[in-house]
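Participant: Sharing a structure below in structure tokens format, with a few things to ask.
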Amino acid sequence: MASHLHQMYPKTPLRLALTLPGILHVEKSPSQIDAASFMHSFQVNTLGPMLLMKHLAPFLPTKSTRPFPTLPQSDDNNNSTSLSLPAYSIYATLAARVGSITDNASGGWYSYRASKAAVFQLTKTFDLYLRAQSRDRALAVALHPGTVRTDFTREYWGTREMLEPQDAAERLLDVLIGVSADFEGGRGRCWDWKGVEVCP
């Protein structure tokens with residue numbers, strides 16, 4: 001993938017990256033923990049995003065890269081939209097509120113919680129790297145989309161508030177373009193679909 005991108009866009013820095021992995025093996029008690037399922041959770045939810053960071057990091061702008069224009073984007077029919085992307089790159093990875101140690105009040109889901117907690121750490125560590133390499137030209141954040149009505153959440157339909165996929169995507173995009181690249185502006189943290197920080 002990285003080689004293909006380099007051939008197609010040799011001098012174009014990556015402006016917006018979204019890595020959206022997710023797999024859940026349910027363990028309600030320690031007796032249900034299975035080593036293979038546990039490793040599978042980490043392969044998909046943690047290792048996958050980490051390897052994408054490795055191979056996509058060279059496409060992010062450096063501190064000497066010119067800022068992106070902040071003009072409104074156009075849709076497929078060349079109609080101007082109200083969305084205006086910031087002048088810096090954003091690298092976002094899908095986290096989950098259940099990955100928050102602070103927020104964990106119900107337990108269970110051992111492998112999913114652990115693999116998603118690792119995403120908080122990966123995001124912070126990658127953002128620290130970008131602060132050194134890119135300064136305010138690029139940042140990393142994690143995102144919690146809420147509970148979205150997909151096959152992933154099918155067994156919970158009707159039991160809690162749900163977002164439709166399109167609505168969740170639009171809300172997350174609003175959150176993304178609102179994160180500032182300055183050191184106190186939210187970079188390196190996890191934000192939910194309402195724009196509220198999810199603490200590690």
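Participant: Could you tell me which numbered condition residue 181 fails, if it satisfies all but one of (1) modelled with pLDDT under 90; (2) surrounded by fewer than 20 Cβ atoms within 10 Å (Cβ to Cβ)?
Facilitator: (2)
Participant: For the stretch 2-55, how many residues are over 23 Å from residue 66 (Cα atoms) and not polar (S, T, N, Q)?
Facilitator: 26
Participant: Which one of these is surrounded by fewer than 18 Cβ atoms within 10 Å (Cβ to Cβ), within 29 Å of residue 68 (Cα to Cα) and touching a residue at least 24 places away in the same chain (Cβ under 8 Å): 166, 121?
Facilitator: Being surrounded by fewer than 18 Cβ atoms within 10 Å (Cβ to Cβ), within 29 Å of residue 68 (Cα to Cα) and touching a residue at least 24 places away in the same chain (Cβ under 8 Å) holds for just one of 166, 121, which is 121.
Participant: For the stretch 186-196, which residues satisfy the criterion of being touching an Asp or Glu at 6+ places or on another chain (Cβ under 9 Å) and either of a type in the set (Val, Ile, Thr) or modelled with pLDDT under 90 (or both)?
Facilitator: The one that is touching an Asp or Glu at 6+ places or on another chain (Cβ under 9 Å) and either of a type in the set (Val, Ile, Thr) or modelled with pLDDT under 90 (or both): 186.
Participant: Can you tell me which of 93, 123, 153 is assigned to a helix (DSSP H, G or I) and under 13 Å from the mean Cα position of the chain (by Cα)?
Facilitator: When all the criteria are applied, what remains is 123.
Participant: Here's something else I'd like to know. Residue check: is residue 71 aliphatic (A, V, I, L, M), at pLDDT below 95 and touching a strand residue (DSSP E or B) at 6+ places or on another chain (Cβ under 6 Å)?
Facilitator: no
Participant: Continuing with this model, one more query. What about residue 68, is it surrounded by 13 or more Cβ atoms within 10 Å (Cβ to Cβ), within 24 Å of residue 152 (Cβ to Cβ), in contact (Cβ under 8 Å) with a residue 40 or more places away in the chain and among the hydrophobic types (A, V, I, L, M, F, W, C)?
Facilitator: Considered against the rule, which asks whether it is surrounded by 13 or more Cβ atoms within 10 Å (Cβ to Cβ), within 24 Å of residue 152 (Cβ to Cβ), in contact (Cβ under 8 Å) with a residue 40 or more places away in the chain and among the hydrophobic types (A, V, I, L, M, F, W, C), residue 68 comes out as no.
Participant: Here are 185, 158: which of them is assigned to a loop (DSSP other than H, G, I, E, B), within 17 Å of residue 86 (Cα to Cα) and more than 16 Å from the chain's Cα centre (by Cα)?
Facilitator: 185
Participant: Read through the list (1) touching a Cys at 6+ places or on another chain (Cβ under 6 Å); (2) crowded, with 16+ Cβ neighbours inside 10 Å; (3) in a loop (DSSP other than H, G, I, E, B), then give the number of the only condition that residue 142 fails.
Facilitator: Just one mismatch for residue 142, condition (3).
Participant: Test residue 46 against the criterion of being hydroxyl-bearing (Ser, Thr, Tyr) and touching a strand residue (DSSP E or B) at 6+ places or on another chain (Cβ under 9 Å), and give yes or no.
Facilitator: no
The values are calculated or read from the model by the stated rules, or taken from the named source; none is laboratory data. Bear in mind that the values here come from a model prediction, so they are computed numbers and not experimental data. We place every Cβ from the backbone using ideal geometry, glycine too, and count neighbours over all the protein chains shown.
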